[in-house]
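Everything below concerns the one structure shown next.
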Amino acid sequence: MAVLVVYERDLQQVNAWPWLVTALNTESRAGFKLGHVLVYDNSCNPKAQAAADISHCTYLHDRSNGGTAAAYERASGVAMERGMEWLLLVDQDTDLPQDFLDVAAASLAKLPAEGLAALVPWVICEGATVSPARVTLLGSIRPLRRGRIFGHIAGLTAVASGSLVRVAALRQVLPFPRELWLDYVDHWLFAQINLRGAGIAVFEGVLRHTLSVMTPTQLSRRRLNSILDGESYFQGLLGPVARLVYPLRLLGRVARYALISPRLAVEVVKWMFGAGQRAKC
């Protein structure tokens with residue numbers, strides 16, 4: 001099953017939608033078959049309701065904008081009810097290659113199945129590899145270098161979109177903390193999987209995804225505050241070194257932002273003094 005999370009965008013503007021519709025009507029050659037899609041619409045007013053007209057597709061509108069956390073929680077319940085073993089997480093800004101599921105299934109066949117909770121692909125944004133990654137001792141997230149890396153890797157984190165997560169493993173870590181709703185939901189999820197000793201494996205699939213943090217000058221005040229809120233909560237879960245260094249990293253970000261957008265620098269400073277707010281409709 002797949003869950004597609006959309007916000008203020010018609011389905012015709014969602015990169016992954018044509019792929020999902022095609023996958024629903026395509027027989028698997030290697031082991032994965034997409035059996036159902038949940039379209040979770042976080043828009044203030046319904047935007048993607050056309051999904052309800054597609055066979056094997058469920059449309060859900062969440063006016064409260066519960067973000068990816070609410071979408072993943074609801075999807076895990078639907079997947080469990082339908083007897084689905086795997087859940088594919090998809091964001092509206094993700095481009096999935098045609099053979100994505102076949103590559104995932106072929107990679108899975110090469111891995112020991114016991115204890116495997118998630119399969120994550122290589123994610124490219126603006127020509128750079130952004131996922132999978134490791135959380136460093138200082139709390140930064142450092143993408144792995146593409147190469148011959150394949151299989152189980154300890155301490156892995158990843159961009160959620162394009163990841164395949166076992167429904168049972170996802171259910172074990174729920175619910176998401178109320179402090180996380182959109183940003184850093186993915187890193188919290190993979191951190192919880194790691195804490196439980198379950199496996200996260202890199203597979204050979206490659207997809208393209210647009211990350212808003214890669215173009216900070218386009219971030220609204222609310223979205224920037226949401227990112228900082230999620231990041232600060234996640235940092236609080238890390239070791240003492242990461243927590244100690246985090247304010248210094250924020251000051252470094254203020255300096256970098258000041259060079260490209262004084263507005264951004266000011267917003268980070270204001271957030272540091274308690275002006276952050278959660279992005280909602």
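The values are calculated or read from the model by the stated rules, or taken from the named source; none is laboratory data. Please read these numbers as outputs of a predicted model, since none were measured by experiment. For neighbour counting, all protein chains shown are included, and Cβ atoms are generated from backbone atoms with ideal geometry for every residue, glycine included. Side chains are part of the model used for accessible areas, which takes the heavy atoms of the whole protein and leaves out ligands, DNA and RNA. Shrake-Rupley method; radii C 1.70, N 1.55, O 1.52, S 1.80 Å.
Within the range 13-24, is there a residue that is modelled with pLDDT under 90, at negative phi and more than 20 Å from the chain's Cα centre (by Cα)? Scanning the range 13-24 turns up no residue that is modelled with pLDDT under 90, at negative phi and more than 20 Å from the chain's Cα centre (by Cα). Evaluate the following for Ala104: is it open to solvent by less than 30 Å² (accessible area, probe 1.4 Å), touching a Pro at 6+ places or on another chain (Cβ under 9 Å), closer than 30 Å to Ser232 by Cβ and outside any strand (DSSP E or B)? No; evaluated as a whole, the condition is false for this residue.
Collect the residues in the range 227-245 that are hydrophobic (A, V, I, L, M, F, W, C) and either in contact with a Gly (Cβ under 7 Å, 6 or more places away or on another chain) or open to solvent by less than 10 Å² (accessible area, probe 1.4 Å) (or both), keeping them in residue-number order. Steps first, please.
Here is the first cut: in the range 227-245, the residues hydrophobic (A, V, I, L, M, F, W, C) are 227-228, 234, 237-238, 241-242, 244-245.
Once the filter is applied, which keeps residues that are hydrophobic (A, V, I, L, M, F, W, C) and either in contact with a Gly (Cβ under 7 Å, 6 or more places away or on another chain) or open to solvent by less than 10 Å² (accessible area, probe 1.4 Å) (or both), the range 227-245 yields Leu228, Phe234, Leu238, Ala242, Val245.
Filter the range 22-54 down to residues that are among the small types (Gly, Ala, Ser) and within 15 Å of Val3 (Cα to Cα), then give me how many there are.
Here is the first cut: in the range 22-54, the ones among the small types (Gly, Ala, Ser) are 23, 28, 30-31, 35, 43, 48, 50-52.
Narrowing further to those that are within 15 Å of Val3 (Cα to Cα): 23, 35, 48, 51-52.
So the count comes out to 5.
Only one residue in Ala154, Ala158, Ala133 is out of contact with any His (no Cβ under 6 Å at 6 or more places or on another chain), within 19 Å of Ala198 (Cα to Cα) and open to solvent by 50 Å² or more (accessible area, probe 1.4 Å), so which one is that?
Numbers: Ala158 fails: open to solvent by 50 Å² or more (accessible area, probe 1.4 Å); Ala133 fails: open to solvent by 50 Å² or more (accessible area, probe 1.4 Å).
Going through Ala154, Ala158, Ala133 in turn, the sole match is Ala154.
Closer than 22 Å to Ala154 by Cβ, out of contact with any Leu (no Cβ under 7 Å at 6 or more places or on another chain) and open to solvent by less than 20 Å² (accessible area, probe 1.4 Å): does that describe Gly205? It is true that Gly205 is closer than 22 Å to Ala154 by Cβ, out of contact with any Leu (no Cβ under 7 Å at 6 or more places or on another chain) and open to solvent by less than 20 Å² (accessible area, probe 1.4 Å). Evaluate the range 36-44: report whether one residue or more is open to solvent by 50 Å² or more (accessible area, probe 1.4 Å) and either in contact (Cβ under 8 Å) with a residue 12 or more places away in the chain or closer than 28 Å to Leu156 by Cα (or both). No, the range 36-44 contains no residue that is open to solvent by 50 Å² or more (accessible area, probe 1.4 Å) and either in contact (Cβ under 8 Å) with a residue 12 or more places away in the chain or closer than 28 Å to Leu156 by Cα (or both). Restricted to the range 76-101, and to residues there that are farther than 17 Å from Arg166 by Cβ and of a type in the set (S, T, N, Q), the residue that is least open to solvent (accessible area, probe 1.4 Å) is Thr94.
Does Ala201 satisfy the condition of being touching a Gly at 6+ places or on another chain (Cβ under 8 Å) and hydrophobic (A, V, I, L, M, F, W, C)?
On the way: touching a Gly at 6+ places or on another chain (Cβ under 8 Å): yes; hydrophobic (A, V, I, L, M, F, W, C): yes.
So Ala201 passes the test.
Only one of Ser55, Ser43 is under 20 Å from Leu182 (Cα atoms) and not in a helix (DSSP H, G or I); which? Please lay out each step first, then the result.
Values: Ser55 fails: under 20 Å from Leu182 (Cα atoms).
Within the list Ser55, Ser43, the selection yields Ser43.
Ser226: on the phi < 0 side of the Ramachandran plot, touching an Asp or Glu at 6+ places or on another chain (Cβ under 9 Å) and of a type in the set (Ser, Thr, Tyr), yes or no? Yes: the conditions hold for Ser226.
Of all residue pairs spaced 6 or more apart or on separate chains, those with beta-carbon atoms under 7 Å, a first member in the range 53-65 that is under 15 Å from Trp17 (Cα atoms) and a second member that is open to solvent by 50 Å² or more (accessible area, probe 1.4 Å) and of a type in the set (A, V, I, L, M, F, W, C) are Tyr59/Ala52. When the range 1-31 is filtered for residues that are surrounded by 13 or more Cβ atoms within 10 Å (Cβ to Cβ) and among the basic types (Lys, Arg), only Arg9 remains. When the range 214-235 is filtered for residues that are among the aliphatic types (A, V, I, L, M), at pLDDT 90 or above and part of a helix (DSSP H, G or I), the ones remaining, listed by number, are Leu224, Ile227, Leu228.
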